[in-house]
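The values are calculated or read from the model by the stated rules, or taken from the named source; none is laboratory data. Keep in mind that what you see is a predicted model, and the values were worked out from it rather than measured. All Cβ positions, even for glycine, are placed from backbone atoms using ideal geometry, and neighbour counts span all protein chains on display. The protein model used for the area step is the full one, side chains on, heavy atoms only, and it has no ligands, DNA or RNA in it. Shrake-Rupley method; radii C 1.70, N 1.55, O 1.52, S 1.80 Å.
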Amino acid sequence: MVGSVSLLKRKQKTSFVDLVIIVFIIGVSITCLVPFLYMIALSLSSNSAIVSQKVTLWPVEFTLETYKTILSDVEMIYTLGYSIVLTIVYTLICMFLTICAAYPLTKKRLKGRSLFLSILVITMYFSGGLIPSYMLVKNLGMMNSVWSLLLPGAMSVFNLIILKTFFSSLPESLEESASMDGCNELGILFRIVLPLSLPSIATISLFYAVDRWNGFQDALFYITDKNLYPMQLKLYQIITANQQLDTQQGEGSVGAYIVPESLKAASVMFATVPILVVYPKLQKYFVEGVMTGAIKG
């Protein structure tokens, strides 16, 4: 009887803790979702409704004028395709370099392994800063070139450590068996290690892709050719031009132009949708890759 009462109390306590966790997760989810819904509502609302502050979480006087403004520009469509290709190429380069650096660092027979890893970790805490980076890109002849958007940030030490930790967690017996069967290091990497590391690779690829897709500062400093503008810089120019128009028109001509808030919201949605499309396809690998790479080792 006493044991049953104790078990019942334990279940009640567990249920209460689960309820608190569920409520907390719902609260955090709502906190993240509300600003997103507000941006959608702004992008689909009329100018007068936005100026009069009638928009909350639902569009008022539904309109697609802001999206028509963005999509009516032929350069915007070109920039979208260019940015997608740029993101894919950047991700491939980053993953190639990260794998080539992480895999050897898992080998104890690599001489100077600790020194190499220490040098890489130091770069996480200390950097030359903006001006030296700009001078380096300029002296290497990468100014106003697509390489200035690809090479300077081509490898993240943080992602390298995650991938290295994941590689280290794989059983050494697998590699030893493959080596006994006549497989060389490249064969072991491509046939054994990489297929087993798919969750971590997918997760890090997503990190790199999001980083490049949201990249803005490097293009602003290094690129002047409009044909090389990535999506974020293009949207920045649209918003800046519309803010100047807002200042020139004044407050008296509300219906004559698109207010900046609406254009900003539509720009955010336009730039966010591609990542939202890609993320669900990688979601099944995301948690497993992060947790394994961060905990094991």
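Brief remarks on what is shown
- Apart from one condition, residue 152 fits all of (1) open to solvent by less than 60 Å² (accessible area, probe 1.4 Å); (2) modelled with pLDDT under 90; (3) over 17 Å from residue 109 (Cα atoms); the exception is (1).
- Residue satisfying condition, being more than 17 Å from residue 101 (Cα to Cα) and open to solvent by less than 30 Å² (accessible area, probe 1.4 Å), within set 160, 206, 196: 206
- Pairs, first in contact (Cβ under 8 Å) with a residue 60 or more places away in the chain and more than 9 Å from residue 57 (Cα to Cα) in segment 31-44, second surrounded by 15 or more Cβ atoms within 10 Å (Cβ to Cβ) and hydrophobic (A, V, I, L, M, F, W, C), C-beta under 8 Å, six or more apart: 43/265; 43/266; 43/268; 43/269
- For residue 56, the criteria (1) open to solvent by less than 90 Å² (accessible area, probe 1.4 Å); (2) farther than 19 Å from residue 235 by Cα; (3) free of Cβ contacts under 8 Å to residues at least 12 places away in the same chain hold in every case but one, which is (3).
Conditions tested, residue by residue: (1) surrounded by fewer than 17 Cβ atoms within 10 Å (Cβ to Cβ); (2) at pLDDT 85 or above; (3) under 16 Å from residue 232 (Cβ atoms).
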position	(1), (2), (3)
68	yes, no, no
74	yes, no, no
78	yes, yes, yes
83	no, yes, yes
86	no, yes, yes
89	yes, yes, no
94	no, yes, no
98	no, yes, no
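- Residues located in segment 65-97, provided they are hydroxyl-bearing (Ser, Thr, Tyr) and either closer than 30 Å to residue 190 by Cα or in a helix (DSSP H, G or I) (or both): 66, 67, 69, 78, 79, 82, 83, 87, 90, 91
- Helices (runs of 4 or more DSSP H) contained in segment 104-216 and holding at least 2 residues closer than 24 Å to residue 232 by Cα and of a type in the set (A, V, I, L, M, F, W, C): 130-139, 147-150, 198-213
- Taking (1) farther than 25 Å from residue 194 by Cβ; (2) open to solvent by less than 80 Å² (accessible area, probe 1.4 Å); (3) free of Cβ contacts under 8 Å to residues at least 40 places away in the same chain in turn, residue 110 satisfies each apart from (1).
- Annotation: of all residues in segment 213-258 being at pLDDT 85 or above and aliphatic (A, V, I, L, M), the one that is surrounded by the most Cβ atoms within 10 Å (Cβ to Cβ) is 231.
- Check on residue 261, open to solvent by 20 Å² or more (accessible area, probe 1.4 Å), at pLDDT below 80 and part of a helix (DSSP H, G or I): yes
- Of all residues in segment 118-129, those satisfying the criterion of being touching a residue at least 24 places away in the same chain (Cβ under 8 Å) and within 13 Å of residue 153 (Cα to Cα) are 123, 124.
- For residue 62, the criteria (1) outside any helix (DSSP H, G or I); (2) among the aromatic types (Phe, Trp, Tyr); (3) closer than 30 Å to residue 150 by Cβ hold in every case but one, which is (3).
- Breaking point among (1) surrounded by 17 or more Cβ atoms within 10 Å (Cβ to Cβ); (2) within 20 Å of residue 91 (Cα to Cα), for residue 175: (2)
- Qualifying residue in segment 27-49 (condition: out of contact with any strand residue (DSSP E or B) (no Cβ under 9 Å at 6 or more places or on another chain), within 19 Å of residue 273 (Cα to Cα) and assigned to a loop (DSSP other than H, G, I, E, B)): yes
- Single residue of 133, 145 found to be in contact (Cβ under 8 Å) with a residue 60 or more places away in the chain and within 21 Å of residue 208 (Cβ to Cβ): 145
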